[in-house]
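Bear in mind these aren't lab numbers, they're just calculated from the coordinates by the rules spelled out. Because the structure is a prediction, the values reported are computed rather than measured. With ideal geometry, Cβ positions are generated from the backbone for all residues, glycine too; neighbour counts draw on all protein chains shown.
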Amino acid sequence: MGLESRLTTARRRMVETDLKGHGITSPRVLDVMGRVPRERFVVADFQSNAYGDRALPIDCEQTISQPYMVALMTEVLEIQGSERVLEVGTGSGYQTAVLAELAAEVVTIERHPKLSLAAQQILGKLSYENIEFITGDGSLGYEPGAPYDRIMITAAASECPLALLEQLHEEGILVGPFGGRQSQMLQRVEKRIGAADHWTDVCACRFVPLVNYE
């Protein structure tokens, strides 16, 4: 069996065992996770392990999140297809691809120019045309594109940056990891009209820090 066939088999196993087996139920999310080629977003030395359910190192001392966490955060956002999504932390571009498959438009911010450029090249080769790339401090969001129907933060902060909450559309949903440097709580925030934002704890997690926030 060639590498491509092994990767296809591993991707199917990931969906059945690591995603469905751990509670991911959204048909749209499962379908996308079964199609996006994670091996294209990891360094060559890790391609054969691209579908293991664990984070893997990428450049700039960052990581590509484990597939389950990618699927979980995506499912929590409840993307229907017409949304404009802000992603804070482009990283490898894998989560960006998943979002771009589900949403109408994705604006993705990355602090490290090297990572942003690499992600643009990979996603360009995969023919994604609904992604806008921004290099800058993700904790500030991207005001020119606001408001956003959905916001995903893929790096940890002690609390949700105020700028991101302000850029979330009314009735919009934000998801991100908040807490200390060693561990955080993945939280979902729903912005309500005429009422306080509704916060929900999703699960304990551990992410790399959101650069330039603290």
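Between residue 210 and 156, 157, the built amide H atoms are under 5 Å apart, and every one of these is 5 or more places off in sequence or on another chain.
Note on the chain: GNM, Cα springs under 10 Å; of 58, 131, 193, the largest mean-square fluctuation is that of 193.
If a paramagnetic tag sat 7 Å from the Cα of residue 171 along the Cα-Cβ line, which residues of the stretch 92-128 would have the backbone N under 20 Å from that point? Answer for this model: 103-105.
Applying both filters, DSSP loop and at most 10 other Cβ atoms within 10 Å, to the GluC sites (Glu not before Pro) of the stretch 35-121 gives 61.
Mind checking the angle between helix 113-125 and the chain's longest principal axis? C-alpha axes, 0 to 90 degrees, to the nearest 10. So the helix axis and the longest Cα principal axis differ by about 60 degrees.
Counting only Cα atoms, the size of the chain along its three principal axes is 58, 35, 35 Å, in decreasing order.
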